[in-house]
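J.: What follows is a single structure, and I will ask about it in a moment.
The values are calculated or read from the model by the stated rules, or taken from the named source; none is laboratory data. All figures in this text were calculated on a predicted structure; none of them were measured in a lab. Cβ: placed from backbone, ideal geometry, glycine included. Neighbour counts: every protein chain shown.
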Amino acid sequence: MRPDLELLRNLIDATAEIAPRPGAGKPPAAVRAAEAVVGPLSPSYRWWLTAYGEGTFARQEVATVRPFHHIGGVGIGDGWSGGDRLPFLQDGDGGDGYSFALDAAGPGGEHPVVRRDPFLGDEEPFADSFAGFLTVRTALLRGLREGPNPAVARLWRATPGVRLPDGGAVYGPHVQRVRNDAHGIPARAPHWVLIGDDGAGDGLFMRRHGRDRESVHRLALADVAAGSFDGDVAAAGTHVTGDLLGWIDDNRAGPAPAND
């Protein structure tokens, strides 16, 4: 799934742990020069470079391209000797390292992000894109794990939520907990999570627990506020889909945002 860059900007603005440096966006020529060395970069990472250029996540430098605005900045390709892994962030001295898997570009040219244990050398998939990396790391920092259920976790691996054609949205981790707390979901429907809304007063819900953690149900948020149901969203609402990502693909709003 292609990352929504408008929502990615919203996530960056709302997340204190992501700290871009003002005015450090890189000119396209600098990005092209880096790509001449390492090959095509992931579109969401290229967008980060031109929009922000330099910055940190949880105080760790995100690799950038020359010329550096920040003395001592980490450059994309520094220490790179070719191969199919392009490092861009490390969690401190001796911490986990994150790299783009250059040999596994997906739809839209996004490279998956892999995490490497510096001691054992073991590698595991972490996200489907740079946008997904920022999203999953934000979710983990907020105590949301990689998502409240497997379906949302799969979405967040690619994008920090999506906009829906009716004006609604499926939320990213920077929004989800705020909206759930605002509508009292943890107390009124503790086995459920509000994953989004339709922009017209109905919430989109999924189960946190139980066998069926794939189905999406719709229920009026006014009914939730009124306490006019016993906490079972499936019984009080209507079934929308059993395939969140497929449903999003079928209903996603308008043309995808530009990647520049």
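J.: Could you tell me whether any residue of segment 92-111 is under 20 Å from V31 (Cβ atoms), surrounded by 15 or more Cβ atoms within 10 Å (Cβ to Cβ), under 22 Å from the mean Cα position of the chain (by Cα) and of a type in the set (F, W, Y)?
T.: yes
J.: Taking the options L164, L86, name whichever one is of a type outside the set (D, E), farther than 27 Å from A19 by Cβ, surrounded by 15 or more Cβ atoms within 10 Å (Cβ to Cβ) and at pLDDT below 95.
T.: L164
J.: Okay, next question. Could you grab the pairs with beta carbons closer than 9 Å, sequence gap of 6+ or different chains, first residue in segment 176-195 and over 17 Å from A153 (Cα atoms), second one of a type in the set (A, V, I, L, M, F, W, C) and surrounded by fewer than 13 Cβ atoms within 10 Å (Cβ to Cβ)?
T.: H183/A225; G184/A225; R188/A225
J.: Kindly indicate whether any position in segment 68-83 is of a type in the set (D, E, K, R), in contact with a helix residue (DSSP H, G or I) (Cβ under 8 Å, 6 or more places away or on another chain) and either closer than 22 Å to R21 by Cα or outside the structural domain of G199 (by TED's automatic domain parsing) (or both).
T.: no
J.: Which of (1) in contact with a Ser or Thr (Cβ under 9 Å, 6 or more places away or on another chain); (2) closer than 19 Å to R116 by Cα; (3) touching a residue at least 60 places away in the same chain (Cβ under 8 Å) is the odd one out, the single condition P3 does not satisfy?
T.: Of everything listed in (1) in contact with a Ser or Thr (Cβ under 9 Å, 6 or more places away or on another chain); (2) closer than 19 Å to R116 by Cα; (3) touching a residue at least 60 places away in the same chain (Cβ under 8 Å), P3 misses just condition (2).
J.: Would it be correct to say that H191 is touching a His at 6+ places or on another chain (Cβ under 7 Å) and farther than 17 Å from G246 by Cα?
T.: Yes: the conditions hold for H191.
J.: Which ones in segment 1-26 are surrounded by 17 or more Cβ atoms within 10 Å (Cβ to Cβ), within 12 Å of the chain's Cα centre (by Cα) and charged (D, E, K, R)?
T.: Those that are surrounded by 17 or more Cβ atoms within 10 Å (Cβ to Cβ), within 12 Å of the chain's Cα centre (by Cα) and charged (D, E, K, R): R2, D4.
J.: Okay, next question. I'd like the full set of residues that are without any contact (Cβ under 8 Å) to a residue 12 or more places away in the chain and either of a type in the set (A, V, I, L, M) or surrounded by 16 or more Cβ atoms within 10 Å (Cβ to Cβ) (or both), limited to segment 115-146.
T.: Selection gives L120, L140, E146.
J.: Might you let me know whether segment 100-119 holds any residue that is acidic (D, E), in the same structural domain as R46 (by TED's automatic domain parsing) and at pLDDT below 95?
T.: Looking for residues that are acidic (D, E), in the same structural domain as R46 (by TED's automatic domain parsing) and at pLDDT below 95, one finds at least one in segment 100-119, hence yes.
J.: Then there's this: Which residues, counting only those in segment 152-161, are touching a residue at least 24 places away in the same chain (Cβ under 8 Å) and surrounded by fewer than 20 Cβ atoms within 10 Å (Cβ to Cβ)? Talk me through it step by step, then tell me what you get.
T.: Taking segment 152-161 first, the residues touching a residue at least 24 places away in the same chain (Cβ under 8 Å) are 152, 154-161.
Passing the criteria: only R154.
J.: Determine which single condition R46 fails, assuming it passes every other condition in (1) in a helix (DSSP H, G or I); (2) of a type in the set (K, R); (3) surrounded by fewer than 22 Cβ atoms within 10 Å (Cβ to Cβ).
T.: (3)
J.: Among the residues of segment 167-190, which ones are within 20 Å of E214 (Cβ to Cβ) and either loosely packed, with under 15 Cβ neighbours inside 10 Å or not assigned by TED's automatic domain parsing to the domain that holds T241 (or both)? Quick ask: steps written out before the conclusion?
T.: Quick first cut of segment 167-190, residues within 20 Å of E214 (Cβ to Cβ) only: 168-173, 176, 180, 185, 189-190.
Result: P190, single match.
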